[in-house]
Amino acid sequence: MTIPVPGTYVIYNIQYSTLDVDLHWASVTDGAPVVGYIYNESTENMLWNLQVVDEEQGLVQFINLAGNNYAGVSGEINGSGVIGTSIETTFRLHERKDGEYERVLFLCRVFFGSNNTFRIQTRNSELVWELPDGNNYTEIILSPPISFYDNQAWQFMPVDGN
């Protein structure tokens, strides 16, 4: 499996391609929601340091640059929120395969080929990150994976220096 190299990224949703993964208000408080928010290059809320735990298995951790905390989950049940936390949390990246999804969107922000699109899955369940709608401040939640849901697919845009 090919996963992004360790480094700093803006992670954005495929269906709602103007919305990026954002630690709400750069909060350092455990439990602060991770939301979709329109890209803002002047903030570190949207910058995530990807650390590879096990490349072969696609295991990674995300650390927010503004809050200096991990992306985690409030619980591993359907509908639980993705949160900022001081607890090291590991996720599994599943690469989106060509033809796996029923529709392909043309994205002007795509810097990679389609094989650099991933589902972000919890380590201990089948649940994946999902952005339920295209509104700012929509909390990213966990949902069962559905192959043709583009709101469960994410791309990693490297920040200068990667």
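Under a crude label model (7 Å from the Cα following the beta-carbon direction), how far is Glu56 from Asn40 in nanometres?
Once both label points are built, they end up 4.3 nm from each other.
Using a Gaussian network model on the chain with a 10 Å cutoff between Cα atoms, which of Gly84, Gly31, Gly75 fluctuates the most?
Gly75
May I ask you to list the trypsin sites (Lys or Arg not before Pro) in the range 1-102 that are in a DSSP loop and have at most 14 other Cβ atoms within 10 Å of their Cβ? All intermediate terms of the calculation are to be shown ahead of the outcome.
Working: sites: Arg92, Arg96, Lys97; in loops: Arg96, Lys97.
Filter output for the range 1-102: Lys97.
Run a plain Debye calculation on the range 38-88 (Cα atoms as equal point scatterers, no solvent) and give log10 I(q)/I(0) at q = 0.12, 0.13 Å⁻¹, rounded to two decimals, same order as the q list.
-0.32, -0.37
Between Glu95, Glu76, Glu56, which gets the highest mean-square fluctuation from a Gaussian network model of the chain, Cα cutoff 10 Å?
The residue with the greatest mean-square fluctuation here is Glu56.
Specify the residue with the greatest mean-square fluctuation among Ser125, Ser17, Ser80, computed from a Gaussian network of the chain linking alpha-carbon atoms under 10 Å apart.
Answer for the Gaussian network model of the chain: Ser125.
Pop a pseudo-label 7 angstrom from the Cα along the beta-carbon direction at both Asp133 and Ile87 and give the gap in nm to one decimal.
It is 3.0 nm.
Using a basic spin-label model with each label point 7 Å from the Cα along Cα→Cβ, how many nm lie between Ser125 and Ile77?
Distance between the two pseudo-spin positions: 0.8 nm.
In the chain, which longest range has no chymotrypsin sites (Phe, Trp or Tyr not before Pro) that are both DSSP loop (not H, G, I, E or B) and surrounded by at most 14 other Cβ atoms within 10 Å?
Details: sites that count: Phe106, Phe111, Phe112, Tyr137, Phe148.
For chymotrypsin sites (Phe, Trp or Tyr not before Pro) (loop position, at most 14 other Cβ atoms within 10 Å), the longest site-free span of the chain is 1-105.
Non-local amide H neighbours of Asn135 (under 5 Å, H modeled in plane, Pro and chain starts lacking H): which ones?
Amide H neighbours of Asn135: none.
Just the number: Rg to Rh for the chain, Cα atoms, Kirkwood Rh, two decimals.
On the way: Rg = 14.0 Å, Rh = 15.3 Å.
That ratio equals 0.92.
Considering only the other residues whose Cβ falls under 12 Å of the Cβ of Ala32, what net charge follows from Lys and Arg at +1 and Asp and Glu at -1?
In short, -3.
Where a number appears in this text, it was derived from the coordinates with a stated rule and is not lab data. Since this is a predicted model, take the numbers as computed values, not measurements. Glycine gets a Cβ as well: all are built from the backbone with ideal geometry, and neighbour counts include every protein chain shown.
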